[in-house]
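Below is one structure, written out as structure tokens, with a few remarks after it.
Coordinate-derived values only; no laboratory data. Remember, predicted model here, so these are calculated numbers, not experimental data. Cβ placement follows ideal geometry from the backbone for every residue including glycine, while neighbour counts extend to all protein chains displayed.
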Amino acid sequence: MEPGTSTSDERVLPPVEEMAAWLDGRHPGGDGVLASRARETMLAEVGPAVHMRGLLEFSNSCTQGCYYCGIRNDAGRSVRGVRRAESVPLRFTLSESEILDAARHCLNAGFGSMTLQSGERRDPAFVAFVERILRRIKAETTTPELPEGLGITLCVGEQRRDVYERFFNAGAHRYLLRIETSDPDLFARLHPPPQSFDRRVQALTELQEIGYQVGTGVMIGLPGQGGEELARDISFFAAIDADMIGMGPYIEAPGSAYVEMNRRSLLPAGSTAERLRRALRMIAVTRIALRDVNIAATTALQALSPTGREAGLMFGANVLMPIVTPGSRRDSYQLYQGKPCIDEAAEACTACIIGRAARVSRPVTQNGWGDAPHATRKGRIPA
């Protein structure tokens, strides 16, 4: 059977108790057997290819105050014990020409796809800016291989439904909005009011109704989170019929956000090694359960291990996101401590990430959008 040709319309997930045991390290035969099973599922359902998404962090301005985030809106607030230089990220928004340069880099590198990520803003000027750059990227990256231009994943937080529609009509066809945790109580601990779990779920529903391929994900290693909670996260992914999953280990934030995490007892649970093991198991179990979705080996894995992203691929991931943010801006977009690649140019990241796929004997998609077979089967591919 060719990858992505599964005829089953309904996923049959393993029981929550069974997934929880695997996530806690109790898969029969151990993590090695779990990884092998995930790779077998990946090869059957999505194939061996790794899809590249050039990741452009185009603005770190944010109106939200998520307690765990290094670019939260109150990161410049005076916090006892934190030097101001440590607590205030230099705020930036790339110009249209800088964004177009990054898009052309993705095109020339053969990625075929990019992700536009920023802090969350909802003001009219920001919305108009994003809509404009989406249209320009689509218009200025058309080639014989990509007659509709680069594929675009957008990640700019919660917006009104009409704004999602504007972005979709301007050319974004995938949207990543992480739930962070499917436990409403834990979500409330991580996010100050007026952010709400119900509103996040509503946003994911609206995105899917509009026609986006929808991505979501969680942080792994949250305080009070065990195998059962992570298994319920996977059940949540299935319940909303997600097309792509982006998740990674929960890591301390820099500066004042770290102080706030500590004050609220929100520092990561478990050692670095254990968080990495759990994150890899989460990738594997999600692959086994959801089968034909796209799953990213995220940058945060590499923050815990120099070969973290390669390990993610070995546990069933099929997407890598080389950072194409200009080198002069990367230090100001640190959502967590120890973020890798902040001192590299886009060209270096591109060569490095392709090498990581090669080291685990995985081919890289060239000049393709790399949409998930699940989205194709569900009819969520742009006409």
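Nearest 0.05, what FRET efficiency do Ser95 and Glu145 give at R0 = 25 Å with Cβ-Cβ as r?
Efficiency computed from Cβ-Cβ geometry: 0.35.
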With label points set 7 Å from each Cα along the Cα-to-Cβ direction at Asn262 and Ile240, the distance between them in nm comes to 3.2 nm
How far, in nm, would the chain grow between Asn367 and Ser328 when pulled straight, counting 0.36 nm per residue and subtracting the alpha carbon separation? 11.3 nm
With the Cα gyration tensor of segment 265-383 giving a ≥ b ≥ c as the square roots of its eigenvalues, does the rule (a/c under 1.5 for rounded; else a/b larger than b/c for prolate; else oblate) give rounded, prolate or oblate? oblate
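Report the far tail of the P(r) of segment 210-345, meaning the percent of Cα-Cα pairs longer than 17 Å. Don't skip to the end; give the middle numbers.
On the way: 5572 of 9180 pairs.
The answer is 61 percent, as a whole percent.
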Select from segment 81-170 those trypsin sites (Lys or Arg not before Pro) which occupy a DSSP coil region and have at most 10 other Cβ atoms within 10 Å, ordered by residue number. Arg83
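Which of the helices in the chain, when you take each full DSSP H run, stretch at least 15 Å along the axis at their Cα atoms and have an average Kyte-Doolittle score of 0.5 or higher? Don't skip to the answer; put the middle values down first.
Numbers: long enough: 31-45 (21 Å, -0.15); 96-109 (20 Å, -0.18); 124-140 (24 Å, 0.36); 197-210 (20 Å, -0.45); 227-239 (18 Å, 0.24); 272-290 (27 Å, 0.33); 346-359 (20 Å, 0.67).
Answer set is 346-359.
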Subtracting the Cα-Cα distance from 0.36 nm times the residue separation, let me have the gained length for Arg161 to Glu347 in nm, one decimal. 63.3 nm
Lone cysteines, the chain (no partner Cβ under 4.7 Å): Cys62, Cys106, Cys155, Cys341, Cys349, Cys352
Each label sits 7 Å from Cα toward the beta-carbon; between Glu17 and Thr376 the label points are separated, in nm, by 3.8 nm
Find how much the distance from Glu228 to Glu209 grows on full extension, using 0.36 nm per residue of separation minus their present alpha carbon separation; answer in nm with one decimal. 3.9 nm
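Rounded if a/c is under 1.5, else prolate if a/b beats b/c, else oblate: with a ≥ b ≥ c from the C-alpha gyration tensor eigenvalues square-rooted, which is the chain? If you can, show how the numbers build up before the last one.
Numbers: a/c = 1.35, a/b = 1.04, b/c = 1.30.
In terms of gyration-tensor shape, rounded.
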Pop a pseudo-label 7 angstrom from the Cα along the beta-carbon direction at both Glu274 and Asn108 and give the gap in nm to one decimal. 4.7 nm
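What does DSSP give for segment 16-377 in terms of the percent of beta bridges that are antiparallel, rounded to the nearest 5? It would help to have the intermediate numbers written out before the result.
Values: 1 of 28 bridges.
If I count the DSSP bridges inside segment 16-377, around 5 percent turn out antiparallel.
Counting pairs of alpha carbon atoms under 8 Å apart in space and at least six apart in sequence, what relative contact order in percent does the chain give?
On the way: 758 pairs, mean separation 99.9, N = 383.
Here the relative contact order equals 26 percent.
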